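J.: My structure is below; once you've seen it, I'll send some questions.
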Amino acid sequence: MAVAARASSPKKLATLVGCNYFNDEYELHGCINDVRGMAETLVSKFGFDRRNVTILTDEPGSHPMPTGANIKRAITDMIKKAKSGDVLFFHFSGHGTVYPAPKPEPGHQNDEAIVACDWNYVTDVDFRQMVDQLPSGTTLTIISDSCHSGGLINHEKEQIGPSTVKRSIDAKDLKSKPRFIPHESLLQHLSGLSGIESQNIGDHLAHLFGDDASDKFLNKTYIPKKPITDNGILLSGCETSQTSADLSPEDGKPCGAFTDSLQKVLAQHPGAISYKDLVIKSRQLLSSSKQTQHPCLYCSDSNAVSLFLSPKHPGTKEVDIEAEGTKGVNLTTGPEELTVAGIDVKQN
């Protein structure tokens, strides 16, 4: 009697965050549009189940709001649900910033962070900690359409960026606004909220947000986990020293220049495309539209040439499964779980 077997399908989970910072001096206009459009692309083009796509925006009445704590919690929840071979995706559209590094090094005086709707920071160290918790064979793709987003996963290898690509500077001619809040403005705002006299941004964040602040500001010692493979993949809207544009075109909806370029590249390439090619084509598109930002790619060598949002396939191997009325049914499979006649079978 033949036994039908099929490899269990990998899950695809996504968290999309858009912060427009309504009624603020630094209000943006295209961030919520970015994540709503990306949600449709994930479902229609990449096979995500809409129920597995979480959207957090700061639109009035939204719940939960994209606070720093809620952003980190949503990503952590995805990681906890993940198994080997699953695909995780995080997209952030909003403000980014740089601030003096708590432990500056030669050639590295500033650190990067995204700014949540409550002004809490999610830092490069936070993203590194989350990437280090990924199960083996699971990828976490991060798109950050924010200023100074290059290097947002701490110690991730640069594949495309300022040290690997020669570039020229073009003049901007589109109506746009940078997705950037200066460090000095954030320091002044947070000082007013905390009531503390300090020039150290971490003092205010730790006082205001307690354990929800980044570990970087809580004097916690983080010992990095050493995963078998590093499966964090960052597509940044610009280099660490640059700003990302929030566009308000006269003939269309407000959007992020980087997110818009990604959507156009994906629409022009209905088939699969590698991470490297996606970022290269995004750069070319932005350059042709006279945008000065240069998207970057940070990940391992193997992930750079792997296909965008496609599951990893561990090496195939032969397994023998014996079921009642069967003898030595050979199955070739990649994932670690099989379903045989509706029964989940673990491989050892």
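The values are calculated or read from the model by the stated rules, or taken from the named source; none is laboratory data. Bear in mind the structure is a predicted one, so any value in this text is a computation, not a measurement. Methodologically, a virtual Cβ is constructed for each residue, glycine included, from the backbone with ideal geometry; neighbour enumeration extends over all protein chains shown. With ligands, DNA and RNA removed, areas are computed over all heavy atoms of the protein, side chains included. Shrake-Rupley method; radii C 1.70, N 1.55, O 1.52, S 1.80 Å.
J.: Would you confirm whether any residue within the stretch 288-306 is surrounded by fewer than 19 Cβ atoms within 10 Å (Cβ to Cβ) and in contact with a Ser or Thr (Cβ under 6 Å, 6 or more places away or on another chain)?
T.: Yes: the stretch 288-306 contains one or more residues that are surrounded by fewer than 19 Cβ atoms within 10 Å (Cβ to Cβ) and in contact with a Ser or Thr (Cβ under 6 Å, 6 or more places away or on another chain).
J.: Same structure, new question: Within the stretch 79-88, identify whether any single residue is open to solvent by 20 Å² or more (accessible area, probe 1.4 Å), at pLDDT below 95, polar (S, T, N, Q) and closer than 26 Å to Asn231 by Cβ, and answer yes or no.
T.: Scanning the stretch 79-88, I find at least one residue that is open to solvent by 20 Å² or more (accessible area, probe 1.4 Å), at pLDDT below 95, polar (S, T, N, Q) and closer than 26 Å to Asn231 by Cβ, so the answer is yes.
J.: Counting residues that are under 21 Å from Gly256 (Cβ atoms), which strands (runs of 3 or more DSSP E) fully inside the stretch 1-80 reach at least 3?
T.: The qualifying strands (runs of 3 or more DSSP E) are 12-18, 53-57.
J.: Residue under question is Pro10, and the condition is that it be open to solvent by 10 Å² or more (accessible area, probe 1.4 Å) and in contact with a Pro (Cβ under 8 Å, 6 or more places away or on another chain); does it hold?
T.: Yes, satisfied.
J.: Can I ask one more? Tell me which residues, restricted to the stretch 24-44, are farther than 16 Å from Ser248 by Cα, open to solvent by 30 Å² or more (accessible area, probe 1.4 Å) and under 18 Å from the mean Cα position of the chain (by Cα).
T.: Answer for the stretch 24-44, where residues must be farther than 16 Å from Ser248 by Cα, open to solvent by 30 Å² or more (accessible area, probe 1.4 Å) and under 18 Å from the mean Cα position of the chain (by Cα): Arg36, Glu40, Val43.
J.: Something else about it: Can you pull out the residues in the stretch 242-287 that are among the small types (Gly, Ala, Ser) and open to solvent by less than 50 Å² (accessible area, probe 1.4 Å)?
T.: Ser244, Ala245, Ser248, Gly252, Gly256, Ala257, Ser261, Gly271, Ser274, Ser282 - these are the residues of the stretch 242-287 that are among the small types (Gly, Ala, Ser) and open to solvent by less than 50 Å² (accessible area, probe 1.4 Å).
Conditions tested, residue by residue: (1) surrounded by 24 or more Cβ atoms within 10 Å (Cβ to Cβ); (2) modelled with pLDDT under 95; (3) of a type in the set (D, E, K, R).
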| position | (1), (2), (3) |
| --- | --- |
| Asp111 | yes, yes, yes |
| Ile114 | yes, no, no |
| Asp118 | no, no, yes |
| Tyr121 | yes, no, no |
| Phe127 | yes, no, no |
| Pro135 | no, yes, no |
| Ser144 | yes, no, no |
| Gly150 | yes, yes, no |
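J.: Here is a follow-up. Considering only residues that are farther than 30 Å from Tyr26 by Cβ and without any contact (Cβ under 8 Å) to a residue 60 or more places away in the chain, which ones fall in the stretch 40-64?
T.: Listed by number, the residues that qualify are Val43, Ser44, Gly47, Phe48, Asp49, Arg50, Arg51, Asn52.
J.: Looking only at the stretch 56-66, count every residue that is among the hydroxyl-bearing types (Ser, Thr, Tyr) and open to solvent by less than 30 Å² (accessible area, probe 1.4 Å) and tell me the total.
T.: So the count comes out to 1.
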